[in-house]
1. Just to confirm the filter: which chymotrypsin sites (Phe, Trp or Tyr not before Pro) across segment 38-89 are DSSP coil and have at most 13 other Cβ within 10 angstrom of their Cβ?
2. Against the empirical 2.2 N^0.38 Å scaling, what ratio does the C-alpha Rg of the chain come to?
3. Classify segment 17-56 as rounded, prolate or oblate, taking a ≥ b ≥ c as the square roots of the eigenvalues of its Cα gyration tensor: rounded when a/c is under 1.5, otherwise prolate if a/b is larger than b/c and oblate if not.
4. With a point put 7 Å past each Cα toward its Cβ, work out how far SER144 is from ALA68 in nm, to one decimal.
5. Using only DSSP helix segments of four residues or longer, with each worth -39500 (n - 2.57), what per-residue ellipticity at 222 nm results for the chain after dividing by its residue count and rounding to 500?
6. Helix by helix, which DSSP H runs in the chain go 20 Å or more along their axis at the Cα atoms and have an average Kyte-Doolittle hydropathy of -1.0 or more?
7. Output the peptides 7-20, 57-70 sorted from most to least packed, where packing is the average of other Cβ atoms within 10 Å over each peptide's residues.
8. Sorting MET147, MET124 on the 10 Å Cβ count, fewest up front, what's the list?
Amino acid sequence: MKLYYSPGACSLSPHITLHEAGLKFEHIQAPTKTHKLDDGTDYYSINPLGYVPLLELDDGTRLTEGPAIVQYIADQVPEKKLAPANGTVARAQLQAWLNFIGTEVHKGFGPLFNPATPAEYKTMLIAKLLERLQWVDGQLAGKSYLMGEAFSVADPYLFTVTNWADFVGLDISGFANIAAFRERMAARPAVQTAMREEGLIK
């Protein structure tokens, strides 16, 4: 398999998940500004949408969208219990977390990285993000991970998007449960390996 990623982007979530799964894969950097791979390949020829992540399977099938990719990875190694079984209430709850992070948190960060976004709009987005993260902080009370005591593929996604707070001036230091969750995640070997491969830590 091949994972196309950009350092620190949302592709960090499946990057971590692949290491948690123990699957063999090649990680290929796909800069989202130049869209040129190291070998000169135009990334648009691989993913016409131009963004990451993209997971290319051994048969050439290409999967996009992080929440879909991480569930696919989890289903390849059911013994690792990275996701509840399909058709269960717990699986629906996992999908609810992935959807919430994607639509209520991840999506809100995008305009904050854009210098052209009006300051007034950024202020509104930050207020909304803080509301959503306050709710997440409450949901993490008494839990090690989003789904309880067991790690799931939703956790790398939350870890990834909360990593962006410092880069956009979003102070999340007051969310004690999120802070504890982030420390717990940062200590996981798979997280450290993925971040090292992306040049995010030494």
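We did not get these values from a lab; they are worked out from the coordinates using the rules stated. What you are looking at is a predicted structure, and each value in this text was computed from that prediction instead of being measured. When we count neighbours, we look across all protein chains shown, and the Cβ atoms used for this are built from the backbone with ideal geometry, even at glycine.
1. none
2. 1.01
3. Since a/c reaches 1.5 and a/b is larger than b/c, the shape of segment 17-56 is classed as prolate.
4. 3.2
5. Value at 222 nm, helices only, nearest 500: -13000 deg cm²/dmol.
6. 119-139
7. My ranking of the peptides, most packed first, is 7-20, 57-70.
8. MET124, MET147
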